Amino acid sequence: MGIADNISYINEKIKSVCELCGRDSSDIILVGVSKTHSVEKLIEAKNVGLYVFGESKVQEFIKKYEEVKDVRWHFIGHLQKNKVKYIIDKVELIHSLDDYELALEVNKRAEKINKIMDVLIQVNIGKEETKYGVYEEELFDFCKRISGLKNIRIKGLMCIPPNEDIDKTRYYFKRMKFLYEEVKKLKYDNFDIQYLSMGMTDDFDIAIEEGANIIRVGTGIFGERYYKKEDINNE
């Protein structure tokens, strides 16, 4: 199947899952994970109604940002402090806030351009050494530390669970939904919790069943990609 057929299939699956679990499919944001894929593929996807794209490499993102217009951009990969300045004016949501020093840098760069930067806190729900994110037992202390930063707005949580069997994946998603609801109770001025970003090509249906409202799908839309050794799967 081509990109148009893939997107149609995913949208139908989203609708089907939402019907089964009593949710409104219009509440689900589908992010097309477009890393390593060509500008031509992105434009093809845009032309059939995909309007949110997720990139994880700053240099690649900048090139695509200049060539693919009238879409919304999310940054979903690990973000180094020295790269924040290149994306701060271009993305609407950063999925991967995972460190206090990074939070300070995002806040500083956003303040310079008079912007409130929407971010998600990345939770390393499986405590994997190969992945980034705040451990769940550190989450609420981290929330408190960043609560005074006026130019970032915490919109929710994101995770990339371990690549395990379906039952274990569902457990991690349930755990994330619990944390999401607990963070939602916090009354910090810069917290406006709305999004739970979890679920990828192979498990987005389970993620939706467990409460995700942002799903990140790459291979299921654009086909297989070549991963460099240092890449961390984010879709």
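Judged by the ratio a/c of the largest to the smallest principal axis of the C-alpha gyration tensor, segment 81-128 counts as prolate, that ratio being 1.5 or greater while a/b is larger than b/c.
Applying a DSSP loop filter and a limit of 16 other Cβ atoms within 10 Å to the chymotrypsin sites (Phe, Trp or Tyr not before Pro) in segment 1-60 leaves Tyr51.
Note on the chain: helix-only mean residue ellipticity at 222 nm, from DSSP H runs of 4+ residues weighted -39500 (n - 2.57) and normalised by residue number, equals -11500 deg cm²/dmol. Segment 33-78 and segment 128-187 have Cα centres spaced 25 Å apart.
Which of the pairs Lys69/Lys131; Lys81/Lys115; Lys35/Lys184 have their Cα atoms more than 25 Å apart in this structure? Listed pairs above 25 Å: Lys69/Lys131; Lys35/Lys184. Give the shape of segment 1-150 as rounded, prolate or oblate, defined through the alpha-carbon gyration tensor: a ≥ b ≥ c are the square roots of its eigenvalues, a/c under 1.5 means rounded, and otherwise the shape is prolate if a/b is larger than b/c and oblate if not. In terms of gyration-tensor shape, oblate. Scoring 161-170, 33-42, 123-132 by mean Cβ neighbours within 10 Å over their residues and listing the highest first yields 33-42, 123-132, 161-170.
In this calculation the C-beta distance from Asn11 to Lys108 is compared with R0 = 41 Å, giving a FRET efficiency of 0.60. Between the amide H of Val134 and those of Gln122, Val123, Asn124, distances stay under 5 Å, these residues lying 5 or more places away or on another chain, with hydrogens modeled in the peptide plane.
FYI, it's all coordinate maths here, none of it is from the lab. Quick caveat, the model's predicted, so the values are computed rather than measured. Neighbour counts run over all protein chains shown; Cβ positions are idealised from the backbone, glycine included.
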